[in-house]
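The values are calculated or read from the model by the stated rules, or taken from the named source; none is laboratory data. Here the structure is a predicted model, which means the values were calculated and not measured. For neighbour counting, all protein chains shown are included, and Cβ atoms are generated from backbone atoms with ideal geometry for every residue, glycine included. Surface accessibility is based on the protein's heavy atoms, side chains included, excluding ligands, DNA and RNA. Shrake-Rupley method; radii C 1.70, N 1.55, O 1.52, S 1.80 Å.
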Amino acid sequence: MFVSCDDEGLFACLDKVGLQEKVLREQTVLLKINLARPAKPNHPRTDAGLLAKMIEYVSAYGGSCAIAESANGYLRENLEQAGLTGLIQKHKVRVIDLDLEEAEQVIIDGEKHYIPKCFRNYSLRIGLPATSKRPGMIYSNNIKLFVGAVPRSMYQLDEQVVDWRPRVHVDLHRSVANIFKAVQTYAPFTWFINGGLAMHESRGEFMLDGILVGNDAAELDLYVQERYFFDLEKPDYLNRLA
């Protein structure tokens, strides 16, 4: 299930799907974003305006908010570059760089994956991805967001340490699907919010038509893929999750 709205109607939309009640009841809210590095042309990240609105929404209903992403120790600096430092300080938002957190092993389909233990410290977990299909990369939105949740130190192949996750790329689509399954097994994310700047490898950058709020990551990914990336093949990891 998902609903759509514009920027002006976001809070009413969140109320409509029941997030107001959940924030009031659960109190602790984790926002998983896409901000491993600052945004740059043709490489969008989680929309800063949308993230700001979510911080304000949680705070308005008395919830405590945390922002999480694997950024190799630079998450706070990345948020500062996005212009969010003042808001983070005002609402006492916790900033969690997942590359610095302890993780617990979860085995899915014979693959070992490592999910941050801190996810379980939050009662309500929400994904805020950036949507893109860049040249040489696979379609990225809600499902692939969680590749940026696992600590890169646990996904190296040999003694030469790199700042990405080479083990994920051994069988990319299988691992993308299994990381998502591992997260949803260990500490499920129940809401996903899409909006802001997106990227198509042929047509370049564009804005999504409004904001989508849903409780099924695969359903949202399929909808966005078929609406905006209809000229590209559906990624195999979505077939695996169907």
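Where residues in region 123-162 are of a type in the set (S, T, N, Q) and under 15 Å from Leu220 (Cβ atoms), which of them is surrounded by the most Cβ atoms within 10 Å (Cβ to Cβ)? Out of the qualifying residues, it is Thr131. Under the condition of being in contact (Cβ under 8 Å) with a residue 40 or more places away in the chain and either of a type in the set (Lys, Arg) or in contact with a His (Cβ under 8 Å, 6 or more places away or on another chain) (or both), the residues counted in region 200-231 number 2.
Residue by residue, here is whether (1) within 15 Å of Lys133 (Cα to Cα); (2) in contact with a Ser or Thr (Cβ under 9 Å, 6 or more places away or on another chain) holds:
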{"site": "Asp163", "(1), (2)": "no, no"}
{"site": "His169", "(1), (2)": "no, yes"}
{"site": "Asn178", "(1), (2)": "no, no"}
{"site": "Asp209", "(1), (2)": "no, yes"}
{"site": "Asn215", "(1), (2)": "no, yes"}
{"site": "Glu219", "(1), (2)": "no, no"}
{"site": "Tyr223", "(1), (2)": "yes, no"}
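For region 49-66, give me each residue that is open to solvent by less than 30 Å² (accessible area, probe 1.4 Å) and under 21 Å from Ala149 (Cα atoms). Scanning region 49-66 gives Leu50, Leu51, Ala52, Met54, Ile55, Cys65, Ala66.
Leu31: surrounded by 15 or more Cβ atoms within 10 Å (Cβ to Cβ) and either at pLDDT below 95 or touching a Gly at 6+ places or on another chain (Cβ under 7 Å) (or both), yes or no? Answer is no for this residue.
Restricted to strands (runs of 3 or more DSSP E) entirely inside region 28-124, those with at least 2 residues that are in contact (Cβ under 8 Å) with a residue 40 or more places away in the chain are 28-33, 64-69, 103-108, 111-116. For region 201-242, residues that are surrounded by fewer than 18 Cβ atoms within 10 Å (Cβ to Cβ) and assigned to a strand (DSSP E or B) total 4. Of the residues making up region 182-205, those that are within 11 Å of Thr131 (Cβ to Cβ) and in contact with a Pro (Cβ under 6 Å, 6 or more places away or on another chain) are Leu197, Met199. For region 79-122, residues that are of a type in the set (Phe, Trp, Tyr) and either in contact with a His (Cβ under 8 Å, 6 or more places away or on another chain) or over 17 Å from Asn34 (Cα atoms) (or both) total 2. Count, please, the residues in region 185-196 that happen to be within 18 Å of Leu222 (Cα to Cα) and open to solvent by 20 Å² or more (accessible area, probe 1.4 Å). Total satisfying the criteria: 1. Whether any residue in region 83-101 is of a type in the set (A, V, I, L, M, F, W, C), farther than 28 Å from Asp6 by Cβ, open to solvent by 10 Å² or more (accessible area, probe 1.4 Å) and modelled with pLDDT of 95 or more is what I want to check. Looking through region 83-101, at least one residue is of a type in the set (A, V, I, L, M, F, W, C), farther than 28 Å from Asp6 by Cβ, open to solvent by 10 Å² or more (accessible area, probe 1.4 Å) and modelled with pLDDT of 95 or more. A residue that is polar (S, T, N, Q) and out of contact with any helix residue (DSSP H, G or I) (no Cβ under 6 Å at 6 or more places or on another chain) occurs nowhere in region 67-76.
Is there a residue being free of Cβ contacts under 8 Å to residues at least 60 places away in the same chain and not hydroxyl-bearing (Ser, Thr, Tyr) anywhere in region 141-155? Taking every residue of region 141-155 in turn, at least one turns out to be free of Cβ contacts under 8 Å to residues at least 60 places away in the same chain and not hydroxyl-bearing (Ser, Thr, Tyr).
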